[in-house]
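Written below as structure tokens is the structure these notes are about.
The values are calculated or read from the model by the stated rules, or taken from the named source; none is laboratory data. Just so you know, these numbers come straight off a predicted model, no measurement behind them. Ideal geometry is used to build each Cβ from the backbone, glycine not excepted, and the neighbour counts take in all protein chains shown. Accessible surface is based on the protein model in full, side chains and every heavy atom, while ligands, DNA and RNA are left aside. Shrake-Rupley method; radii C 1.70, N 1.55, O 1.52, S 1.80 Å.
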Amino acid sequence: MDLISALEGLVPELEKGLDQASSLEGLEALRVDFLGRKGRIAQIMSQLPKLEPEQRPAVGQTANSVKERCNELFESRKQALEAGREAEALKRFDPSIPGRAPWSGTLHPTTLVMEEICEIFKGLGFEIVSGPEVEIDYYNFEALNMPPEHPARDMQDTLYITDTVLMRTHTSPVQARTMLHRKPPLAVVAPGKVYRRDSDLTHTPMFHQIEGLMVGEGISMAHLRGTLTAFVRAIFGGDTQVRFRPSFFPFTEPSAEVDISCCICGGKGHIGDAPCRVCKTTGWVEILGCGMVDPAVFEAVGYDPEVSGFAFGMGVERVTMLKYGIGDLRMFFENDTRFLGQFAR
Ligand code: DAH
């Protein structure tokens, strides 16, 4: 049996096979068939023990050079096939197809509206101030005329950290902090997060408020009304009507809640024949609480009780829902980009 010519015969056979191989996958199959562990070369070499010992070296040398030749043939065919594939891909590449625009983020609607509210008050001469979210009982309650055991503390479901440290339940403590280190006249707004132990369809444990405070000589309810009317018309539109309803807050006297004509139905209570769901057909929606700063608060911060001032506080999510007709508070916290993306500027 002539192993040498059997081995040498493999080369022209492989050349033929390679000519026909049209894919890299087919090429690999061919490689296994010739050079694999149980391939043709290996099969021929398995006959080696049957030869006389002195015949074996020559067969071994032939096997090595045939293997080397086979590898070279494979390599060059592989390169040719790869180049072909690339050329094919280039032919399919269409440079006239429009590119994809990079996806860019947007500000959260709460942030947008909070910034808008701050800009309006800056335009009215207010400064932006801030205070801590982890607050002490004194600023959150006591300095705001809510001593321990005051029933108004029940209005706010407080998240306590210790007996005297808590998550602020409103932005009103920033009033007290501001007055403690500044003298009147002053006009500030304090935006920020507030926390309450409350969670259902219309309440979330964290939400945003903006507090306002103006103190100075002769500040009256008329200034409060004028300021809030200007604000409401700037954010909801010049036709918006404003009404003050008597109310109660421990830190203001007198106190009021402010309603605006419903910006969804234009104050009509109906949209065509359909009842307006936002104002529940009343034509009015509540947007904030306010009042004249209670003298007890001035006393707590060491102000002359003869000064006067007004304060107000509003929920930013609420203003945002009214402004954009958003019916579900949960949308603010779900981070669904289909919702958020609509606020791109
Ligand atoms: N702090 C009140 C709340 O969270 C809102 C408020 C009402 C703030 C009247 C005020 C105010 O400054 O005068 O419900």
Residue match in the stretch 224-234 (condition: open to solvent by 70 Å² or more (accessible area, probe 1.4 Å) and either hydroxyl-bearing (Ser, Thr, Tyr) or not in a loop (DSSP other than H, G, I, E, B) (or both)): yes
Number of positions in the stretch 209-223 that are in contact (Cβ under 8 Å) with a residue 24 or more places away in the chain and either surrounded by fewer than 16 Cβ atoms within 10 Å (Cβ to Cβ) or outside the structural domain of Glu317 (by TED's automatic domain parsing) (or both): 5
Test for Phe310: is it closer than 30 Å to Glu149 by Cα, in a helix (DSSP H, G or I), within 16 Å of the ligand (Cβ to nearest atom) and at pLDDT 95 or above: no
Breaking point among (1) within 16 Å of the ligand (Cβ to nearest atom); (2) under 35 Å from the mean Cα position of the chain (by Cα); (3) acidic (Asp, Glu), for Asp239: (1)
Listing of helices (runs of 4 or more DSSP H) fully contained in the stretch 20-108 that carry 3 or more residues being within 30 Å of Arg338 (Cα to Cα), in contact with a helix residue (DSSP H, G or I) (Cβ under 9 Å, 6 or more places away or on another chain) and open to solvent by less than 70 Å² (accessible area, probe 1.4 Å): none
Considering residues of the stretch 313-333 that are touching a Pro at 6+ places or on another chain (Cβ under 8 Å) and of a type in the set (Val, Ile, Thr) only, the residue nearest to the ligand (Cβ to nearest atom): Val316
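Taking the stated definitions as given, is Ala296 touching a residue at least 24 places away in the same chain (Cβ under 8 Å) and assigned to a helix (DSSP H, G or I)? First the steps, then the outcome.
On the way: touching a residue at least 24 places away in the same chain (Cβ under 8 Å): yes; assigned to a helix (DSSP H, G or I): yes.
Against the criterion (touching a residue at least 24 places away in the same chain (Cβ under 8 Å) and assigned to a helix (DSSP H, G or I)), Ala296 qualifies.
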Number of positions in the stretch 182-199 that are open to solvent by 80 Å² or more (accessible area, probe 1.4 Å) and out of contact with any strand residue (DSSP E or B) (no Cβ under 6 Å at 6 or more places or on another chain): 3
